[in-house]
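Input: a single structure, listed below in structure tokens.
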Amino acid sequence: MTSIAIFGGAGYTGRELLRILSGHPWVEVVHVTSSTHPGQPLGAIFPELARAYPTLAFTARDAALPAAVEVAFLCLPHGESMAAVPPLLARGVRVIDLSADYRLQRPSLYREWYGRDHSHPELLGEAVYGLPEWHHDEINAEVRLLANPGCYPTATLLALLPAVEAGLVRAETVVVNACSGVSGAGVRPSETTHFVHANESLKAYKVGRHPHTPEIEQLCSEFAGAAVTLSFTPHLAPMNRGILVTASATLAKPVGQEEAWQLYRDRYGSAPFVHLLAAGQMPDTARVRGSNQAHLQVVVDPRSQRLVMLSAIDNLVKGAAGQAVHNLNLMLGWEETTGLLAPPVVP
């Protein structure tokens with residue numbers, strides 16, 4: 001059994017990790033930190049997990065890490081993982097970071113998009129970006145530090161990258177509109193995410209300045225072979241979970257519907273968690289809820305000569321904790337679907 005630590009285990013993402021790992025046959029969670037519940041039995045805070053973790057309690061962030069820990073998941077707020085990673089690496093613990101702190105390759109982007117300088121830029125070149133469908137071979141036994149992608153980038157990149165890589169669209173014309181459930185804002189409520197403001201309301205936010213934008217552009221540029229700048233507009237939707245992305249771009253060459261669909265079918269044919277829907281079906285957040293699945297569709301709009309690329313994921317699973325476990329499986333050489341095959345919860 002591989003001993004696991006989770007830092008920031010009381011948030012939505014940490015909670016999902018605990019849920020998923022409770023059914024994983026080859027891991028044991030031995031250490032979970034929380035700034036709000038130190039000393040509390042895990043089952044007292046999360047009754048639904050009491051049977052899975054009958055003796056585990058939350059500890060403070062600065063509590064001693066058990067010597068047996070081999071892998072640490074960091075579910076900390078953006079900015080806090082920067083300092084947490086180096087001591088873990090120094091003691092031989094492999095790190096899967098679910099924050100944005102090690103996703104960007106250029107240190108200057110942290111000042112531009114997150115308003116802070118990166119405290120350990122020397123590690124950015126080592127961090128592997130963990131989008132398994134596109135960096136599968138790089139996520140291996142040699143990885144010490146893995147940057148788990150954000151929820152918006154995961155959904156957006158799965159939709160965009162086949163067309164971008166194939167040169168099917170003009171990369172400078174990409175427009176992305178994405179809707180996220182309220183849990184994407186984290187466990188601490190704000191005026192914007194309070195029920196009376198979010199319920200029965202759809203709202204755009206951080207227009208033109210959402211910090212996940214450079215993460216999406218970085219991967220698109222990698223597979224396009226040239227710098228990609230896109231327009232990304234996120235929206236807060238009145239639902240607990242889920243992300244729905246509708247991206248579009250001008251076609252770079254004439255292409256028919258069947259050709260475009262087949263391109264996506266070929267690219268994701270061996271990807272266990274990506275499901276390209278049949279013609280006429282559209283991604284629906286309710287049909288991926290609670291699962292590590294991503295549902296995709298691609299549509300050629302001949303009138304506007306644009307390609308429309310759509311995806312739906314559960315932001316807390318495929319967009320965070322489930323993807324982190326997928327990366328863990330690849331890093332440790334296990335079957336990549338281990339612990340992740342539960343189907344969506346519908347309705």
Residue within region 164-171 that is hydrophobic (A, V, I, L, M, F, W, C), out of contact with any Gly (no Cβ under 6 Å at 6 or more places or on another chain) and more than 22 Å from Pro149 (Cβ to Cβ) present: yes
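Take region 94-140 and flag every residue that is basic (Lys, Arg) and surrounded by 19 or more Cβ atoms within 10 Å (Cβ to Cβ).
Answer for region 94-140, where residues must be basic (Lys, Arg) and surrounded by 19 or more Cβ atoms within 10 Å (Cβ to Cβ): Arg94, Arg103.
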Enumeration of residues in region 297-320 that are crowded, with 18+ Cβ neighbours inside 10 Å and out of contact with any strand residue (DSSP E or B) (no Cβ under 9 Å at 6 or more places or on another chain): Leu316, Val317, Ala320
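Rundown of residues vs (1) surrounded by 16 or more Cβ atoms within 10 Å (Cβ to Cβ); (2) farther than 22 Å from Asn327 by Cβ; (3) not assigned by TED's automatic domain parsing to the domain that holds Gly23, yes/no style:
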residue: Gly256; (1), (2), (3): no, yes, yes
residue: Ser270; (1), (2), (3): no, no, yes
residue: Met282; (1), (2), (3): no, yes, yes
residue: Gly290; (1), (2), (3): yes, no, yes
residue: His295; (1), (2), (3): yes, no, yes
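Yes/no per residue for (1) among the hydroxyl-bearing types (Ser, Thr, Tyr); (2) over 21 Å from Arg188 (Cα atoms); (3) touching a residue at least 12 places away in the same chain (Cβ under 8 Å); (4) crowded, with 16+ Cβ neighbours inside 10 Å:
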residue: Arg19; (1), (2), (3), (4): no, no, yes, yes
residue: His37; (1), (2), (3), (4): no, no, yes, yes
residue: Phe46; (1), (2), (3), (4): no, no, yes, yes
residue: Leu49; (1), (2), (3), (4): no, no, yes, yes
residue: Tyr53; (1), (2), (3), (4): yes, yes, yes, yes
residue: Asp62; (1), (2), (3), (4): no, yes, no, no
residue: Leu65; (1), (2), (3), (4): no, yes, yes, yes
residue: Ala83; (1), (2), (3), (4): no, yes, yes, no
Complete set of residues in region 189-217 that are in a helix (DSSP H, G or I) and modelled with pLDDT of 95 or more: Thr213, Pro214, Glu215, Ile216, Glu217
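Within the group Ala247, Ala271, Ala278, Ala312, which residue is in a loop (DSSP other than H, G, I, E, B) and in contact with a helix residue (DSSP H, G or I) (Cβ under 8 Å, 6 or more places away or on another chain)? Show your work before the answer.
Details: Ala247 fails: in a loop (DSSP other than H, G, I, E, B); Ala278 fails: in contact with a helix residue (DSSP H, G or I) (Cβ under 8 Å, 6 or more places away or on another chain); Ala312 fails: in a loop (DSSP other than H, G, I, E, B).
Criteria check complete, one pass: Ala271.
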One residue from Val300, Val325 being modelled with pLDDT of 95 or more, assigned to a helix (DSSP H, G or I), touching a Gly at 6+ places or on another chain (Cβ under 7 Å) and of a type in the set (Val, Ile, Thr): Val325
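The values are calculated or read from the model by the stated rules, or taken from the named source; none is laboratory data. Bear in mind that the values here come from a model prediction, so they are computed numbers and not experimental data. Neighbour counts run over all protein chains shown; Cβ positions are idealised from the backbone, glycine included.
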